[in-house]
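Have a look at the structure below, then the notes.
Please treat every number below as a calculation from the coordinates, not as lab data. In this text the structure is predicted, and so the values were computed from the model without any measurement. Note that each Cβ is placed from the backbone with ideal geometry, even for glycine, and that neighbours are counted across all protein chains shown.
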Amino acid sequence: MLMIRVLIVGLTMVLGLSSAAHAQMREIYTIRDIDVDESAASVIEAQQRAFASARIKGAYRLIDRLTLPEDRRGKITPGMIDVATANRLAAAVDVEEETRGGGRYVGKIAVVYNPVMVRTFLEERSIPYVDSSAPRAVVFPVSNRFDSFTWASAWPDESQGNLAPFVVSRSTGISTDSDWFELRPDVDASSARRAIKARLTGGTGAFRVDLISVTAAGETELGSTQTVATMEEAAMAAADAMDAVWKDQSIVRSTTRTPARSTIFFTSLVEWNTLRTAIARSPLIFDFAVEGLSKEGAVVKFVYAGDEQRLVSNLRERGITLDPDMMGWVMTSAVSQFPDTE
């Protein structure tokens, strides 16, 4: 595969993030496999037209990735993103495949977009969005009616550019009834925070996927996909559904901001760092600060958006339990409530 990179700006400076966070953010803001086919008086001119076309097509796809249909309805219309706007939003162009000659340029293009410019574009149009990722998950393709190996083979090894990132387990012996104790080894091995049971139902030509999130805190029904014709389409629909659920849980529309204080109990420094990072990265939490720290606990303060139940559900997906207390809340890692599976 040919890889030619045309840099427009220094991405590290644009993103201003640590290497790990930078890689994750870059992946979210990268749109791949954009088909282009342009003709002009010269190949160079055709290539430039192809790049411009890719930036425009990719911009629409990125906006779809970060927003929900009901939030962009009437605010994003065909033709509103022109060449100048797309150039302003884009940060770099990657040529993934190309064929050129006779004044024609055909290929597949990937475009990396500038998060600052995209956020400004959406905020100027009052379009709610989320560009932080869900906790990493391990997907377990399971079924009571179909061969699980065939169903698992329809999935890619891992996601690419999804807001709800995942890797796919190829473990045998996992069923629709498997609980956290059975799923945890694969979750831990992948440095993930939760498991997703992707249960295939329906029949040939009309497949549907039921999605169940599993953490040490329990199971949560995420919903079901629409019916599709093939298992490969079912896997794609499930990945899209996980993204949609995350956006629905995380996009902040409410202007309500509630100050809160919580005690966090942990069993080790590693667990404290994991808890602190998970809480601080919640898209519903702002102004997170540590007020006090000891060997077994910490007192933190923060502000959260929306209602309390939404926050509880969001943290639950991160493997964190939240219970009321006379002084505020008590947070603990649900994982530490159970013995190691090793």
### Whole-number Å³ per residue for the convex hull built on Cα positions in the range 257-337
84 Å³
### Query
Dipole of the chain (Lys/Arg Cβ +1, Asp/Glu Cβ -1, origin at the Cα centre): which of V138, M25, L200 lies farthest to the positive side?
M25
### Query
Once the other residues with Cβ under 13 Å from the Cβ of S39 are scored (Lys, Arg +1; Asp, Glu -1), what is the net sum?
0
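Please state the charge dipole magnitude for the chain, taken about the Cα centre, from unit charges on C-beta atoms (+1 on K and R, -1 on D and E), reported in debye and rounded to the nearest 20. Spell out each step's value before the answer.
On the way: 37 positive and 44 negative charges, 192 e Å.
For this selection, approximately 920 debye.
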### P(r), alpha carbons of the chain - 10 Å bins starting at zero, rounded %
5, 22, 28, 26, 14, 4, 1, 0
### Task
Give the distance, in whole Å, between the Cα centre of the range 196-213 and the Cα centre of the range 51-67.
29 Å
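For M236, what charge total do you get from the other residues with a beta carbon under 15 Å from its beta carbon, if Lys and Arg give +1 and Asp and Glu give -1?
Working: positive: R32, R61, R65, R208; negative: D33, D64, D157, E158, E232, E233, D240, D243.
Computed value for this residue: -4.
Provide the gained length on full extension for the span T227 to E97, in nm with one decimal, where the gain is 0.36 nm per separating residue minus the Cα-Cα distance. Intermediate values should be presented prior to the final figure.
Values: separation 130, 0.36 × 130 = 46.80 nm, distance 3.26 nm.
So the extension gain works out to 43.5 nm.
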### Query
So for R170, R125, R316, fewest C-beta neighbours within 10 Å to most, what's the order?
R125, R170, R316
#### Entry: Cross-link partners of K108 among lysines (Cα-Cα below 17 Å; sequence separation of 8 or more within a chain)
K57
### Query
How much length is gained if the chain between I44 and V83 is pulled fully straight, taking 0.36 nm per residue apart and subtracting their Cα-Cα distance, in nm to one decimal?
12.3 nm
### Task
Please list, or write none, the aspartates and glutamates whose alpha carbon is within less than 13 Å of the alpha carbon of K295, excluding same-chain residues fewer than 8 places away.
E271
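At 0.36 nm per residue, minus the direct Cα-Cα distance, what do A189 and E70 gain on full extension? Give it in nm, one decimal, please. Provide the component values of the computation, followed by the final result.
Details: separation 119, 0.36 × 119 = 42.84 nm, distance 3.75 nm.
Residue separation times 0.36 nm, minus the Cα-Cα distance, leaves 39.1 nm.
Can you tell me how the range 4-124 classifies by the Cα gyration tensor, rounded, prolate or oblate, using a/c under 1.5 as the rounded cut? Kindly include the intermediate steps, with their values, before the conclusion.
Values: a/c = 2.16, a/b = 1.36, b/c = 1.59.
It comes out oblate by the Cα gyration axes.
Please report T255, T67 as a ranked list, fewest other C-beta atoms within 10 angstrom at the top and most at the bottom. Kindly include the intermediate steps, with their values, before the conclusion.
Working: T255 7, T67 21.
Fewest-to-most ranking of T255, T67: T255, T67.
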### Task
Under a cut-off of 26 Å between alpha-carbon atoms, report the lysines in cross-link reach of K197, not counting same-chain residues fewer than 8 places apart.
K247
### Query
All other residues with a Cβ under 13 Å from the Cβ of A280 taken together, and with Lys, Arg as +1 and Asp, Glu as -1, what is their net charge?
+3
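Hey, what did the range 4-124 get for relative contact order, percent, Cα under 8 Å, at least 6 apart? Walk me through the numbers on the way to the answer.
Values: 181 pairs, mean separation 48.4, N = 121.
That works out to 40 percent.
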#### Entry: Residue among S282, S191, S250 with the largest mean-square fluctuation in a Gaussian network model of the chain, springs linking Cα atoms under 10 Å
S191
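Starting with the fewest neighbours, write out K197, K295, K57, K301 ranked by other beta-carbon atoms found within 10 Å of each beta-carbon.
Numbers: K197 23, K295 8, K57 18, K301 14.
Fewest-to-most Cβ neighbours within 10 Å comes out as K295, K301, K57, K197.
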